[in-house]
Amino acid sequence: MKHSTKILAFFGVALLLFSPLAECCMLSGKVAHDNVPISNAALKIYREGKVIGNTTTLADGSYEVQYPEFPDLVRVIKVVATKPGYASDGLLLFRQQACAEKDTMDIELDSINGITGDSNTIFISDYKIYGQAQAELTANFNRQLNKIVYHKILAYSSNLELKSVLPNISVQLADEPLDLTNNVGIRQYGHSRKALGVIVGDAEVVDVEGDEKRLSLLSVFTTIPIYRNLQIAQLRIEDQLPLSPIRPSRIAENLKDAWARQAVLSYVLQQLTDKKGTWSRQELLSLNELLIAVRATMPANDRLLEPLQQMILVIDQELDR
Amino acid sequence: MSMARSSILGVTLFLCASSIANAGEALPCFARGEFGSCPGPVLEHVAFKSVVLQYVDPEGTELGESLARLLQREILESISDLPNAGVILAFDRAGEIESALGKQDINVFLQNQYHVAAMSIAEQQNAQMSIWGTVLPDGGGLYIQTFLTLRQPEDDQWMTLTLSLPRSQEKLTASLGRSSVNLPAVQGTNAELFGKRFYTRCARKTGCPEGIEFHSGPSQDTQVIGYLPAGQPIEAVELHGRWFRVVLPERFKPIASSEGDAWINLYYLDMLAQDVWYSGLKNVNLRSRPGGEVIGKADLNGHFQVLNAARHGKWRQPWYQIEVDGSKAWVSGSLINRRSYVFPEVHLIAGLYRYGLGQFDRAAREFEVFLKTLPGDDHVTRATTLKFLAISRLASGDLEGRRAISLLSTAAKLTPYDPSVYTLRALANIGNEKDLVGTTNDIRRALMLNRRDQGAIRLLEGLISAAAGANTVNNSYLKNVTFSRELENLNNEYVQRR
């Protein structure tokens, strides 16, 4: 059940040094849940339904965002912070002036279903890009990658022929750096957040024929849930992409549905692990339907076919009991 | 025996309503508190419809509405000759999508609320297709993901293939088995995607006595800097909101000075093709102008770049100027086999319209073209399209059965664990080849993959009933002891065991 959203706002010091010539207003503050800072929360400012400013919270939950000054007498903005696993309503800010130099607003988020972690979430660690890639391009790449990967998973899962509801899988940026070579660290990170999977990657700018430079990438998808002896091996994919521009969609495109399939299978493993034998027949039938729908999209040589068949077998045995 | 797409409305629908031309409508469907609810049904007498929802735009590219409008216009163009077809645009000018999105995570919103809204609007409008998507920034470019969900109204089982057995009440059916199609993402920079040649058009009921207006900025509130008559080619540079920044032709006479940029609302641009393809046409009339005198004849095959385009005649059909053997000539747009679109999925959608309205040959042509535009390793969408193509061939009847079975076999190679492809092939086998062994093998495969597969079970039960009742010369081949025993075995092994 979704808890009623509780948002506590603290309007801080406003006013001071208002300048009618200012082109931008500034809002800052912190986003937290039960006094724990929420990093990587998306924060947007709306005016009359349009987004006029947005940012992402830092590791300590703080944010700072600029937005255009008020053009008319209707001096109202709505501030919304969102993060998977948390509920949020908009918070209104009324101004008496066209723009104050700096407003502050702290936002308290409620958890959904009482989950304070990130249920059904795949985390993507920032790709480390070595070589001559511009810092701004790298930052954009990392900021956009999780959204693109999410849409690949959504596109894939919406293609599954299901009577039951699609699994709700979200993708978000990991809130701490992860090392590609540290499998134990990656698993610990995933377990601590009850994640479906963790994607870690790095890239290097390499010279190819002539003066052309390309981005050589290694991406590793680690599935976190393990049910009895059922587990999915790490998916390691090497790739080369054009350097300019660096487009996150190229990674997602080149990986095709591999990540998405792995994400859905991780979801099934998570469900089996969570229930630990207390599932209802209907829950098992839904998982079975999901696996059959995933298999229906697989090519003959899919690497995930074997673990998937094992999962179907386990569920069939439970259903036949 | 005959194969047909199932429709209770059937022939009556096609004949009675054929005078209604294809149509587009736009509705605000995201009012506050009634998200996904439109003011009322439109195009009620149009038999086959789709709704195109404004694209979700979580990162503020400001292209959400214009992408949906462009797609709607391209779909309308692709079915311009098809009576009884319509496209409804569900848009949001009040920022309600953003507002609804603002309360929650984009992932949850897209997966649940927007998909539900898409289906709800399709339900309200009694539309067979719902098209929705999202647009995201992608390293300086754009990433546009579109989703297509098919809906089968109770009175029009258009996605079900039916085999009518002669002199029998028994009807065997197989469904396409897929109601969602994952369309390939469209990617590129704004200029790559929208820097194309368009043509001015007047779409106002009151006409455009002054011509089509150009503005100094991407807004109706900016200064009008001049006019051009309808039908003029315009080179677009980029799309910003609902406005194209364009390069004005030399003949443009400004009435006001501007900073150099000229903008036109996409509403006033016609989406004629940039490239066209012909398929082995002999002795095509080449004309001096659209509908003008014949200046020569030529065989046309393959790709041609469009030099100029125009509309002509009572139905405003497109004409294209191309270069043939070093000379420019106009050729009727009705002769093209394929044309370019911003959204390649328009071919698939156009094929579904034509299939749904009984134009099976034309549907097959659109599906074939869409297959050519698909990335080679998009095997799921390829297999789905092959199934659409196969049932179009089957529904068109006669000599296409074997070819359809071959297409289904290719689909089975691409997605060998999809039960529905075997159920469809089983029906095609029994209908066209009277292949009893192939039919039972395919039903067995489908049930092995999913012993609860409703399509395979329904076909199996239908066949058991048909085999038991077979008593005429035309269906006596079903009265085969081995076949009946195989069907019973399958029934005992999979259906009764449940």
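A few points about this structure:
- Each other residue within a Cβ distance under 10 Å of B:P419 adds +1 if Lys or Arg and -1 if Asp or Glu, for a net charge of 0.
- A straight Cα-to-Cα reach below 12 Å connects B:K387 with the aspartates and glutamates B:E368, B:D418, residues fewer than 8 places away in its own chain not being considered.
- Net charge of neighbours whose Cβ lies under 10 Å from the Cβ of A:I292, counting Lys and Arg as +1 and Asp and Glu as -1: -1
- Contour excess over end-to-end distance, with Cα ends at A:L319 and A:N183 and 0.36 nm allotted per residue: 45.5 nm
- Chymotrypsin sites (Phe, Trp or Tyr not before Pro) lying in DSSP loop within the stretch B:308-384, provided at most 12 other Cβ fall within 10 Å: B:W315
- Debye-formula intensities of the stretch A:142-191, expressed as log10 I(q)/I(0) at q = 0.16, 0.28 Å⁻¹, are -0.64, -1.03 (one equal scatterer per alpha-carbon, no solvent).
- Share of pairwise Cα-Cα distances greater than 33 Å in chain B is 46 percent (whole percent).
- Summed residue charge, Cβ within 12 Å of A:Y127's Cβ, Lys/Arg positive, Asp/Glu negative: -2
- Along the stretch A:300-305 the Karplus relation, 6.51 cos²θ - 1.76 cosθ + 1.60 evaluated at θ = phi - 60°, assigns HN-Hα couplings of 4, 9, 5, 5, 8, 4 Hz to successive residues, with x for each Gly and Pro.
- Here's how it looks for B:L269: its modeled amide H is under 5 Å from those of B:R201, which are all 5 or more places away or on a different chain.
- Loop-resident sites, the stretch B:298-331, for trypsin sites (Lys or Arg not before Pro), counting at most 10 other Cβ within 10 Å (DSSP): B:K314
- Under 18 Å from the Cα of A:K78 - lysines, other chains or at least 8 residues apart: A:K6, A:K30, A:K44, A:K50, A:K102, B:K103
- Under 17 Å from B:K479, Cα to Cα: lysines that are on another chain or at least 8 residues apart: B:K171, B:K434
- Once both labels are positioned 7 Å from their Cα atoms along Cα-to-Cβ, the gap between B:I464 and A:K213 label points is 6.9 nm.
- Rg over Rh for the stretch B:253-354 works out to 1.06, using Cα positions for both radii and the Kirkwood form for Rh.
- Comparing Cα centroids, the stretch B:204-219 and the stretch B:351-393 end up 39 angstrom apart.
Bear in mind these aren't lab numbers, they're just calculated from the coordinates by the rules spelled out. Keep in mind it's a predicted model, so treat the numbers as computed, not measured. Virtual Cβ from ideal backbone geometry, glycine too; neighbours counted across all protein chains shown.
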